[in-house]
1. Does GLY77 qualify as being in a strand (DSSP E or B) and either within 16 Å of the ligand (Cβ to nearest atom) or surrounded by fewer than 16 Cβ atoms within 10 Å (Cβ to Cβ) (or both)?
2. Restricting attention to region 226-243, which residues are assigned to a helix (DSSP H, G or I) and either surrounded by fewer than 24 Cβ atoms within 10 Å (Cβ to Cβ) or out of contact with any strand residue (DSSP E or B) (no Cβ under 7 Å at 6 or more places or on another chain) (or both)?
3. Which residue, of ARG100, ARG41, is modelled with pLDDT of 95 or more, closer than 22 Å to ARG134 by Cα and either under 24 Å from the mean Cα position of the chain (by Cα) or open to solvent by 10 Å² or more (accessible area, probe 1.4 Å) (or both)?
4. Any residue that is open to solvent by 20 Å² or more (accessible area, probe 1.4 Å) and either touching a Leu at 6+ places or on another chain (Cβ under 8 Å) or within 23 Å of THR227 (Cβ to Cβ) (or both) - is there at least one of those in region 113-127?
5. Do any strands (runs of 3 or more DSSP E) lying entirely in region 269-337 carry at least 3 residues that are at pLDDT 95 or above and either aliphatic (A, V, I, L, M) or buried (at least 23 other Cβ atoms within 10 Å of the Cβ) (or both), and which ones are they?
6. Tell me, which residue of region 90-148 that is among the basic types (Lys, Arg) and free of Cβ contacts under 8 Å to residues at least 40 places away in the same chain is farthest from GLY48 (Cα to Cα)?
7. Over 21 Å from the mean Cα position of the chain (by Cα), surrounded by fewer than 19 Cβ atoms within 10 Å (Cβ to Cβ), in a loop (DSSP other than H, G, I, E, B) and of a type in the set (Lys, Arg): does that describe ARG84?
8. Among residues belonging to region 346-403 that are among the β-branched types (Val, Ile, Thr) and closer than 22 Å to SER335 by Cα, point out the one that is surrounded by the most Cβ atoms within 10 Å (Cβ to Cβ).
Amino acid sequence: MSSTFTIQPSRRVAGTMRVPGDKSISHRALMLGAIASGTTRIAGFLPGEDCLATLAAIRAMGVGVEQHDATTITVHGKGLHGLRAAATALDMGNSGTAMRLFMGLLAAQGFDSTLVGDESLSRRPMERVAVPLRLMGADVRTTDGKPPVHIAGQRRLQGIRYAMPVASAQLKSALLLAGLYADGETELTEPAISRDHTERMLISFGQPVSCKGLTVSLRGGGQLSGTDIQVPGDLSSAAFFVLAGCLAAEGELVIDNVGLNPTRTGILRILELMGAELQVEPAAGSGAEPVGRLIVRPSQLQGVRIPPELVPLAIDEFPMVFVAAALAHGETIVSGAAELRHKESDRISVMVAGLRALGIEVEELPDGARIQGGTFSGGTIDSRGDHRVAMSFAIGAARATAPVRILDTDNVATSFPGFVSQAAAVGLAIKAAPNG
Ligand code: S3P
């Protein structure tokens, strides 16, 4: 049984809201807390299924974790060499971040591990992480390039100098985690900048990291010290509501306490290029991660050619960009975004199919799409179990001419628990119902 969203047309989006904690930062806080010496306190944790998979995995490896309430957690770190083998395979659920970061972390442990995932994760590429880990001396086996992933422990790792073939924070982070345990220096160069939460958080845990342009490096053999982490609201979740506020005919929406790390704000720049009436107010005195407030008003969006350099800075927001483009005036061209085919679904083909189901003219390209702005009719969308596809169409559906049904929406809980009630609270006419 999986649930279906039904959205009726509506005009107004208004209010003040906060979104749940950042997913990328929540995963990393648990992982680094687990291998630090001493205690790490995490506030604003995202209690979504993806991060709960990471939490279950560190517990299974012997780490003491107290969850005081849904978003407040204390991790009793075991130090770099204190994890122990889990009794069974570690289940990463739907989470590519959990699987790929753990590949790096577990490659360096004194025990063997197996990582498994759900149907979607079991179709995603893992060799991009396994290949450089093997260059470091790790023993990592994938299953035809995909999960399950088997990792043999008791390997001595060597630092490497590695030119990453893709801009991927998951790959970069996996290699930095392995690098903590390696002899000598691990130096990674990306083809374009990807999110830098791991680098920032390692520094907060007392581990020196050097970042120069597209190159990041660290030396193995140090130790991490537990710290306090304040997780900001997830910009990738806030972005759905920024779009909702732009598409609305009336109202003003304020979103407080949102992470504004510049390696994540590509979506704000894209929406601004499209003509969004958006105000960004950075808060003074933020910690390792910049935070601020977003204010958004009804906007007339225009089609644009998305600058390829913004793609890695907005990589998770492209389902939303497709919806924004479909409801803008004129043509939008997305290119240089082939990575979208390797996310929780093939986001290019799933979004193209969904846009067509709502009457939009769109041409699928190998690395993007050419989208003609128009109006959504009513209809039914198959989200293919992809949380961000489901939420993007839910936001756009508010401006359709008739009701829209979105199928297979259970995975919204992987990243945004409470999405439906928060959307309803600011004005969307959305309901979730179980569907056999
Ligand atoms: C993430 C990195 C991104 C992103 C994912 C979270 C992370 O993947 O799509 O949702 O937390 O490192 P890639 O950097 O591998 O593209």
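The values are calculated or read from the model by the stated rules, or taken from the named source; none is laboratory data. Just so it is clear, the structure is predicted and the values come from calculations on it, not from any experiment. Cβ atoms come from the backbone with ideal geometry, glycine included; neighbour counts cover every protein chain shown. Each accessible area value is taken on the protein alone, full model and side chains, heavy atoms only, with ligands, DNA and RNA left out. Shrake-Rupley method; radii C 1.70, N 1.55, O 1.52, S 1.80 Å.
1. Taking the combined requirement at face value, the residue does not satisfy it.
2. Listed by number, the residues that qualify are SER236, SER237, ALA239, PHE240, LEU243.
3. ARG100
4. yes
5. Where strands (runs of 3 or more DSSP E) fall fully within region 269-337 and carry at least 3 residues being at pLDDT 95 or above and either aliphatic (A, V, I, L, M) or buried (at least 23 other Cβ atoms within 10 Å of the Cβ) (or both), they are 291-297, 331-334.
6. Among residues in region 90-148 that are among the basic types (Lys, Arg) and free of Cβ contacts under 8 Å to residues at least 40 places away in the same chain, the one farthest from GLY48 (Cα to Cα) is ARG134.
7. Considered against the rule, which asks whether it is over 21 Å from the mean Cα position of the chain (by Cα), surrounded by fewer than 19 Cβ atoms within 10 Å (Cβ to Cβ), in a loop (DSSP other than H, G, I, E, B) and of a type in the set (Lys, Arg), ARG84 comes out as yes.
8. By that ranking, first place goes to VAL389.
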